[in-house]
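Chemist: Got a structure here, written out as structure tokens. Questions coming.
The values are calculated or read from the model by the stated rules, or taken from the named source; none is laboratory data. Predicted model, so just to flag it, every value in this text is computed and none were measured. Heads up, the Cβs are rebuilt from the backbone with ideal geometry, glycines too, and the neighbour counts pull from every protein chain shown.
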Amino acid sequence: MQESLLEIKDLSFGYTKDILLFERLSLSLKRGEIKAIVGASGAGKSTLFELIVGNLKPLSGTIRSSKYSEVFQDPYSSFHPSYTLLNQIKDVAKIDELAFYLEKLNMEEELLYKLSHELSGGQLQRASILRAMLMKPSLLLLDEPTSALDNVIQLEVMRMLVENLGEMGMLLITHDMELAKWCADEIITL
């Protein structure tokens, strides 16, 4: 039986003990799987990621995850404003497959020599995905990873992620039910 890359068991969490966002939530994610978390704003989708990465502590339950990388919803908060994107990518990942992913993400290498405020939101979002893929995670956490991209680029990026799933598993937060239906093995509604 294949080992889970992410195992959440009986997770309960709320910002107050009286109002819970999750009560006894359980899910398991294995290699080669994509699971989508969908729900209205305020339903707890991004909070779930904060729990997975350890920025928040559950009231009860357990979370176990393999090596992960994240793509945040707000790409401007993902990069330090005083360092080039390439320097920030080199700090956390090997760049031996840089050319491969630049091509797949339809990005020019010159963009990586710029500071974050010199790029558009869509360019930064693709740079976040580039960095996450170069980190070679077992688990990829994607919080609205294509929200700043136009429809054509969004489809290309999602195809690249699905095609390169390989030894990874992906947990995708999205408001886009059609996107979730297109790529996810399972959709979890919050």
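Chemist: Identify, please: which residue in the range 77-89 is of a type outside the set (Phe, Trp, Tyr) and under 19 Å from the mean Cα position of the chain (by Cα) and is, among those, surrounded by the most Cβ atoms within 10 Å (Cβ to Cβ)?
Modeler: The first filter runs over the range 77-89 and keeps only residues of a type outside the set (Phe, Trp, Tyr), leaving 77-78, 80-82, 84-89.
When the remaining residues are screened for being under 19 Å from the mean Cα position of the chain (by Cα), the result is 77-78, 80, 85, 88-89.
Details: SER77: 11, SER78: 19, HIS80: 13, LEU85: 25, GLN88: 19, ILE89: 21.
Among them, the one singled out is LEU85.
Chemist: May I ask you to say which residue of LEU119, LEU165 is out of contact with any helix residue (DSSP H, G or I) (no Cβ under 9 Å at 6 or more places or on another chain), hydrophobic (A, V, I, L, M, F, W, C) and surrounded by 15 or more Cβ atoms within 10 Å (Cβ to Cβ)?
Modeler: Values: LEU119 fails: out of contact with any helix residue (DSSP H, G or I) (no Cβ under 9 Å at 6 or more places or on another chain).
Criteria check complete, one pass: LEU165.
Chemist: Then there's this: Exactly one of these conditions fails for GLU118: (1) within 20 Å of SER66 (Cβ to Cβ); (2) more than 13 Å from the chain's Cα centre (by Cα). Give me its number.
Modeler: (1)
Chemist: Another one. Can you find, within the range 138-162, the residue that is surrounded by the fewest Cβ atoms within 10 Å (Cβ to Cβ) among those that are over 16 Å from SER41 (Cα atoms) and among the acidic types (Asp, Glu)?
Modeler: ASP150
Chemist: Taking SER65 as the residue in question, decide whether it is touching a residue at least 60 places away in the same chain (Cβ under 8 Å) and within 16 Å of the chain's Cα centre (by Cα).
Modeler: Numbers: touching a residue at least 60 places away in the same chain (Cβ under 8 Å): yes; within 16 Å of the chain's Cα centre (by Cα): yes.
Yes, satisfied.
Chemist: Of the residues SER46, SER12, SER60, which is in contact with a strand residue (DSSP E or B) (Cβ under 8 Å, 6 or more places away or on another chain), more than 16 Å from LEU190 (Cβ to Cβ) and either at pLDDT 90 or above or not aliphatic (A, V, I, L, M) (or both)?
Modeler: Values: SER46 fails: more than 16 Å from LEU190 (Cβ to Cβ); SER12 fails: more than 16 Å from LEU190 (Cβ to Cβ).
The match here is SER60.
Chemist: Next up: Please work out which residue is farthest from LEU172 (Cα to Cα), limiting yourself to the range 38-59 and to residues that are exposed (fewer than 12 other Cβ atoms within 10 Å of the Cβ) and not hydrophobic (A, V, I, L, M, F, W, C). Walk me through it before giving the result.
Modeler: Kept after step one, since they are exposed (fewer than 12 other Cβ atoms within 10 Å of the Cβ), are these residues of the range 38-59: 40-42, 54-55, 57.
After this cut, where a residue has to be not hydrophobic (A, V, I, L, M, F, W, C) as well, the list is 41-42, 54-55, 57.
Numbers: SER41: 15, GLY42: 16, GLY54: 18, ASN55: 18, LYS57: 21 Å.
Per the criteria, the residue is LYS57.
Chemist: Also, quick follow-up: Among (1) basic (Lys, Arg); (2) crowded, with 16+ Cβ neighbours inside 10 Å; (3) in a loop (DSSP other than H, G, I, E, B), which single condition is LYS35 missing?
Modeler: Status for LYS35: all satisfied but (3).
Chemist: Across the range 163-184, what is the total count of residues that are within 20 Å of PHE49 (Cβ to Cβ) and within 16 Å of the chain's Cα centre (by Cα)? Explain how you work it out, then say what you get.
Modeler: Step one: filter the range 163-184 for residues within 20 Å of PHE49 (Cβ to Cβ), giving 165, 168-177, 179-180, 183-184.
Then drop every residue that is not within 16 Å of the chain's Cα centre (by Cα), which leaves 165, 168-176, 179-180, 183-184.
The qualifying residues number 14.
Chemist: Within the range 22-32, restricting attention to residues that are modelled with pLDDT of 90 or more and under 22 Å from the mean Cα position of the chain (by Cα), which residue is surrounded by the most Cβ atoms within 10 Å (Cβ to Cβ)? Write out each step before concluding.
Modeler: As a first pass, look at the range 22-32 and keep what is modelled with pLDDT of 90 or more: 23-32.
With under 22 Å from the mean Cα position of the chain (by Cα) added as a condition, the list becomes 25-32.
Details: LEU25: 21, SER26: 12, LEU27: 17, SER28: 16, LEU29: 23, LYS30: 15, ARG31: 16, GLY32: 14.
Among those that are modelled with pLDDT of 90 or more and under 22 Å from the mean Cα position of the chain (by Cα), it is LEU29.
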